[in-house]
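A.B. asks: Pasting in a structure now, in C-alpha cells, and then I'll have a few things to ask.
The values are calculated or read from the model by the stated rules, or taken from the named source; none is laboratory data. The model shown is predicted, which means the values in this text are computed figures rather than measured ones. Neighbour counts are summed over all protein chains in view; Cβ atoms, including those assigned to glycine, are modelled from backbone coordinates with ideal geometry.
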Amino acid sequence: MLGIKSTIRQNKTYIQLCFGQKRHITKKSNLLERYKITSNVFRKPKTGYPYFETATSIKTIAMNRSLIKSMTLIALGKSLVSCAPKEQEVKQPNIIFIMSDDHAYQAISAYGHGLNQTPNIDRIANEGAIFSRATVTNSISAPSRAVLLTGKHSFVNGKVDNVQPFNWDQDNFTKLLQANGYETAMIGKIHMDGKPQGFDYSMVLPGQGKYYNPDFIKNGEKPEVIEGYVTEIITDLALDWMKNKRNPNKPFCLLYHHKAPHREWLPAEKYYKEYTKMTFPKPETLYDDYEGRGTAAKTAEMNIAKEMTWIGDIKIYPETAEEFGIDTPWGRRLFDLNIGRMNEEQRAAWDSVYRPIDEDFKKLFPTMSEKDIMDYRYQRYMQDYLATIASVDDGVGQVLDFLDEAGLAENTIVIYTSDQGFYLGEHGWFDKRFMYEESFRMPLLMRYPKEIKAGTKIDDLVQNLDFAPTFLDYTNTETPQEIQGESFRDLVAGKIDKWRDAVYYTYYEYPSVHMVKRHYGVATKRYKLMHFYYDIDEWEMYDLETDPMEMRNIYDDESYADVRKDLHKRLDELRTYYGDSDENDQKYLNEYLEALKPKKEN
Ligand code: SGN
Ligand code: CA
C-alpha cells in the first residue's frame with residue numbers, strides 16, 4: 001500500500017493518501033472550497049471537526065480547485081490509476097433501497113429476538129452485512145424519508161414533522177444520481193405531498209396509503225385504485241419496473257417502499273389465517289409503570305392496554321364494541337377506512353377468520369382484568385403486525401430471486417431498512433417517536449457482494465443521515481458540501497476501523513397523536529442524554545451497558561457526574577456542528593403551533 005502525506009499550508013492539516021481511497025471535490029469552484037477525503041489512514045486534524053475519531057474528516061481549506069487537483073495528482077503520481085475501483089469504471093452498481101414502515105428490528109429473525117421468521121430479509125444479512133446500532137435522526141415517517149433523500153438533518157431540510165410540507169425543490173440524492181446517468185424510480189409509500197422529484201418513474205401511495213385496494217399516484221397524476229393487497233401490489237410494481245419499464249442500458253436506483261407493517265396492521269388472507277392462531281413471547285417490560293423515567297414517558301399515549309382502539313387496532317367488530325360500550329367514533333372511522341374498502345370476496349375471507357375471534361372476545365371480555373386486557377391486546381397486536389411482515393418478507397424474496405435470475409445480484413446494492421424502529425410491547429408501548437432504543441434504532445441489512453463480505457456485522461453508529469452520501473460514494477457521484485451524513489461504504493467493506501463516536505437526535509411532533517414530548521439528544525455506544533422541552537424542561541440520561549432497557553434515569557446520579565459533563569459537551573458540540581440551536585427549536589415550534597390553528601373561513 002502506498003501512503004503519501006500532504007501538508008496543507010495555513011491549516012496545518014495532514015492528509016495521507018493511499019490506494020483504495022476516494023475523494024470528492026464539491027461543486028463550488030471558488031477560492032474557499034471544502035475538500036473531503038475518506039481514507040483508512042487519515043490523520044486526525046488538529047482543530048475543528050468535533051466528533052470523528054480519526055477515520056473521516058471534512059476540512060474547509062483556502063485553496064482553489066485546480067490547486068487541489070494538481071496537488072492531489074502530484075501526490076498520487078501513478079497510483080491515481082490504481083485508486084479507482086476497476087469494476088466501477090466499467091459498470092456502476094444498481095441500488096435497490098427497500099424501506100418498510102414501522103418495521104422493528106425485533107421483528108427480523110436475523111436480529112435474533114425469536115418473535116418471527118423472515119428468511120428472505122435475513123438472506124440480505126447472511127450474504128452481506130447487518131448493523132446492530134443503526135439509528136434515525138428523527139423517529140417518524142415523513143421526516144425520516146426527507147433525511148434519507150437529502151442527507152441533511154430535519155432542521156436543515158425543513159421537514160421536521162409529519163405536518164409541515166416537504167420542499168421537493170431542494171437537492172436530493174436521486175436527482176444527483178439522475179444527473180450522473182442513473183435511471184431512478186420510487187414505488188410505494190413516500191408520505192410527502194407533491195410530485196416526487198428525482199425520479200424517472202414514481203408510483204406512490206397518497207399519505208399513509210391503504211392496505212386493501214389502495215390508491216396509487218403515478219408520476220404525480222390523479223390517484224387510481226389498484227385492486228389487491230398493498231404489499232403484493234408494491235412488489236409487483238417494483239418487479240414490473242425492473243423487468244419491463246426501465247432503460248436497461250443505464251444503471252438504476254429503485255426506492256421500493258412498503259406501507260406494511262404500519263398501523264392498523266391488516267394482513268393478507270394467506271397470513272392472517274396462520275398468524276391469528278399463534279401466541280408470542282412477551283417482552284420483559286410489557287407492564288412497565290414508568291417509575292424511574294421522566295414525565296415524557298409517563299404522559300405519552302401509546303400504551304397497548306390504554307391507548308389502542310378495540311375496533312381499529314384489535315379488529316373487534318363495531319357492533320360488538322357498541323354492545324360493551326367500548327366503541328369510539330375514531331375506531332368506527334378506522335373500520336370503515338380499512339375493512340370498509342374490501343371487496344366482497346376479501347371481506348368474506350376476512351370475516352371467516354375475524355368473526356370467530358370476535359365471538360370469542362364476547363365471551364372473554366366481561367371478566368377481563370386490566371392485565372388480561374394487556375395480554376389479550378398484545379397477542380392480537382403481534383398476530384396482525386407480524387402477519388403483515390410475512391408479506392413484506394415474501395416480496396423481498398421475489399426481488400432477490402429476480403436479481404439472481406437476471407444476473408444482477410453481483411452488481412446491485414440491496415438495502416433493507418425501516419423509516420424508524422417501533423415498540424413491540426417494550427415499556428407497554430406501540431408506536432415510536434422517542435429516542436429510547438426500540439424507536440431510535442432502525443433495522444439495517446445490506447448486500448453488495450463486490451465489496452461486502454458475507455456475514456459482516458457492524459456495531460458502529462450509522463444513521464439514516466448517511467444513506468445519501470453512501471449512495472453517492474458507491475456511484476462515484478460528487479457529494480455536495482451541504483450533505484451532513486457520512487458515507488459508510490468503507491466501514492461496511494472493512495476498510496476502516498474508526499468511525500464517529502456520537503450521534504445527534506431531534507423530535508418535534510408535539511402536541512400530537514401519542515403525545516411524545518419534543519426532545520433532542522446525543523447517543524454514544526454506551527450512553528444517552530436527552531432533553532425534553534417546550535412544556536417541560538427535563539433531562540434524562542441512560543447507561544445502556546448496565547441498563548439496556550432504559551428503566552433508570554441516571555441524570556441526577558452523582559456517580560455519573562463526569563459522564564454527564566462529557567455528554568453535555570458532546571451534545572453542545574453536535575448542535576453547533578450540525579447547525580442546530582434553541583432558536584431553531586423555537587422556530588419549528590412556532591410554525592407547528594401555527595399549522596395546528598384552525599384555518600379561518602373567508
Ligand atoms: C397515524 C397512526 C399513528 C402514527 C402516525 C404516524 N394512527 O396517525 O399511530 O403514529 O400515523 O406514523 S392511525 O390510527 O391513523 O393509524 S408514521 O409512521 O407515518 O409517522
Ligand atoms: Ca413509520
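A.B. asks: Limited to the range 102-155, what total is found for residues that are assigned to a helix (DSSP H, G or I), away from ligand 2 (no atom under 14 Å from the Cβ) and within 25 Å of Met382 (Cα to Cα)?
C.D. replies: 11
A.B. asks: Surrounded by fewer than 19 Cβ atoms within 10 Å (Cβ to Cβ) and more than 18 Å from His262 (Cβ to Cβ): does that describe Tyr182?
C.D. replies: So Tyr182 does not fit the description; no.
A.B. asks: From the list Glu269, Glu301, Glu284, Glu319, exactly one residue is over 25 Å from Asn116 (Cα atoms) and either out of contact with any helix residue (DSSP H, G or I) (no Cβ under 6 Å at 6 or more places or on another chain) or away from ligand 1 (no atom under 16 Å from the Cβ) (or both). Which is it?
C.D. replies: Of Glu269, Glu301, Glu284, Glu319, the one residue that is over 25 Å from Asn116 (Cα atoms) and either out of contact with any helix residue (DSSP H, G or I) (no Cβ under 6 Å at 6 or more places or on another chain) or away from ligand 1 (no atom under 16 Å from the Cβ) (or both) is Glu319.
A.B. asks: Assess whether Gly325 counts as being closer than 30 Å to Trp539 by Cα and modelled with pLDDT of 95 or more.
C.D. replies: Taking the combined requirement at face value, the residue does not satisfy it.
A.B. asks: For the range 202-228, enumerate the residues that are within 16 Å of ligand 2 (Cβ to nearest atom) and either polar (S, T, N, Q) or outside any loop (DSSP other than H, G, I, E, B) (or both).
C.D. replies: Val204, Leu205, Gln208, listed by residue number.
A.B. asks: Residues in the range 517-557 that are outside any strand (DSSP E or B), over 23 Å from Lys152 (Cβ atoms) and not hydroxyl-bearing (Ser, Thr, Tyr): how many?
C.D. replies: Matching residues across the range 517-557 total 18.
A.B. asks: Moving on. Could you list, in sequence order, all residues of the range 447-461 that are part of a loop (DSSP other than H, G, I, E, B) and within 18 Å of the chain's Cα centre (by Cα)?
C.D. replies: The answer is Asp459, Asp460, Leu461.
A.B. asks: Can you tell me which residue within the range 202-216, out of those that are crowded, with 19+ Cβ neighbours inside 10 Å and more than 13 Å from ligand 1 (Cβ to nearest atom), is nearest to the chain's Cα centre (by Cα)?
C.D. replies: Step by step, filter the range 202-216, then rank; the result is Val204.
A.B. asks: For the range 186-201, give me each residue that is more than 16 Å from ligand 2 (Cβ to nearest atom) and surrounded by fewer than 23 Cβ atoms within 10 Å (Cβ to Cβ).
C.D. replies: Asp193, Gly194, Lys195, Gln197, Gly198, Asp200, Tyr201
A.B. asks: On to the next question. Might you check whether a residue that is loosely packed, with under 15 Cβ neighbours inside 10 Å and either assigned to a strand (DSSP E or B) or touching a Ser or Thr at 6+ places or on another chain (Cβ under 7 Å) (or both) occurs anywhere in the range 229-240?
C.D. replies: no
A.B. asks: In the range 252-299, what residues are aromatic (Phe, Trp, Tyr) and closer than 28 Å to Met186 by Cβ?
C.D. replies: The answer is Phe252, Tyr256, Trp265, Tyr271.
A.B. asks: Sort out which residues of the range 165-190 are within 16 Å of ligand 1 (Cβ to nearest atom) and closer than 18 Å to His153 by Cβ, and write them in order of number.
C.D. replies: Pro165, Phe166, listed by residue number.
A.B. asks: Is there any pair linking a residue in the range 425-447 that is of a type in the set (Ser, Thr, Tyr) to one that is in a loop (DSSP other than H, G, I, E, B) and more than 12 Å from ligand 1 (Cβ to nearest atom), with Cβ under 7 Å and at least six apart or on different chains, and which?
C.D. replies: Short answer, once both residue conditions are applied: Tyr436/Glu550.
A.B. asks: Considering (1) over 20 Å from the mean Cα position of the chain (by Cα); (2) within 15 Å of ligand 1 (Cβ to nearest atom); (3) within 30 Å of Ala468 (Cβ to Cβ), say which one Asp384 fails and leave the rest.
C.D. replies: (3)
A.B. asks: Residues to consider are Glu410, Glu437; find the one that is closer than 16 Å to Ala296 by Cα, away from ligand 2 (no atom under 16 Å from the Cβ), modelled with pLDDT of 95 or more and surrounded by fewer than 24 Cβ atoms within 10 Å (Cβ to Cβ).
C.D. replies: Being closer than 16 Å to Ala296 by Cα, away from ligand 2 (no atom under 16 Å from the Cβ), modelled with pLDDT of 95 or more and surrounded by fewer than 24 Cβ atoms within 10 Å (Cβ to Cβ) holds for just one of Glu410, Glu437, which is Glu437.
A.B. asks: Return the residues of the range 339-389 that are in contact with a Phe, Trp or Tyr (Cβ under 9 Å, 6 or more places away or on another chain), more than 21 Å from Ile226 (Cα to Cα) and among the small types (Gly, Ala, Ser); say none if nothing qualifies.
C.D. replies: Of everything in the range 339-389, just one residue is in contact with a Phe, Trp or Tyr (Cβ under 9 Å, 6 or more places away or on another chain), more than 21 Å from Ile226 (Cα to Cα) and among the small types (Gly, Ala, Ser), namely Ala387.
A.B. asks: Restricting to the range 541-551, name every residue that is more than 17 Å from Ser439 (Cβ to Cβ), buried (at least 16 other Cβ atoms within 10 Å of the Cβ) and not acidic (Asp, Glu).
C.D. replies: Met541
A.B. asks: Could you say which residue among Tyr271, Tyr290 is of a type outside the set (A, V, I, L, M, F, W, C) and assigned to a helix (DSSP H, G or I)?
C.D. replies: Unique residue meeting the criteria: Tyr271.
Results for (1) farther than 21 Å from Gln463 by Cα; (2) out of contact with any Asp or Glu (no Cβ under 9 Å at 6 or more places or on another chain); (3) outside the structural domain of Val163 (by TED's automatic domain parsing), shown as yes or no for each residue.
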position: His519; (1), (2), (3): no, no, yes
position: Arg526; (1), (2), (3): no, no, yes
position: Met530; (1), (2), (3): no, no, yes
position: Tyr533; (1), (2), (3): yes, no, yes
position: Pro548; (1), (2), (3): no, no, yes
position: Met551; (1), (2), (3): yes, no, yes
position: Tyr560; (1), (2), (3): yes, no, yes
position: Arg570; (1), (2), (3): no, no, yes
position: Glu573; (1), (2), (3): no, yes, yes
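A.B. asks: Hey, does the range 462-473 have a residue that's assigned to a loop (DSSP other than H, G, I, E, B) and out of contact with any helix residue (DSSP H, G or I) (no Cβ under 6 Å at 6 or more places or on another chain)?
C.D. replies: yes
A.B. asks: Another question, if that's okay. Just to be sure before I move on: is Gly158 without any contact (Cβ under 8 Å) to a residue 40 or more places away in the chain, surrounded by fewer than 20 Cβ atoms within 10 Å (Cβ to Cβ) and within 15 Å of ligand 2 (Cβ to nearest atom) in the structure I sent?
C.D. replies: No: the conditions fail for Gly158.
A.B. asks: Which ones in the range 498-535 are farther than 18 Å from Gly485 by Cα, of a type in the set (A, V, I, L, M, F, W, C) and crowded, with 23+ Cβ neighbours inside 10 Å?
C.D. replies: Answer for the range 498-535, where residues must be farther than 18 Å from Gly485 by Cα, of a type in the set (A, V, I, L, M, F, W, C) and crowded, with 23+ Cβ neighbours inside 10 Å: Val516, Leu529, Met530, Phe532.
A.B. asks: For the range 142-163, give me the residue count where each residue is more than 16 Å from Ile98 (Cα to Cα), away from ligand 1 (no atom under 11 Å from the Cβ) and not charged (D, E, K, R).
C.D. replies: Total satisfying the criteria: 9.
A.B. asks: With respect to Phe422, determine if the residue is within 15 Å of ligand 1 (Cβ to nearest atom), within 12 Å of the chain's Cα centre (by Cα) and buried (at least 22 other Cβ atoms within 10 Å of the Cβ).
C.D. replies: It is true that Phe422 is within 15 Å of ligand 1 (Cβ to nearest atom), within 12 Å of the chain's Cα centre (by Cα) and buried (at least 22 other Cβ atoms within 10 Å of the Cβ).
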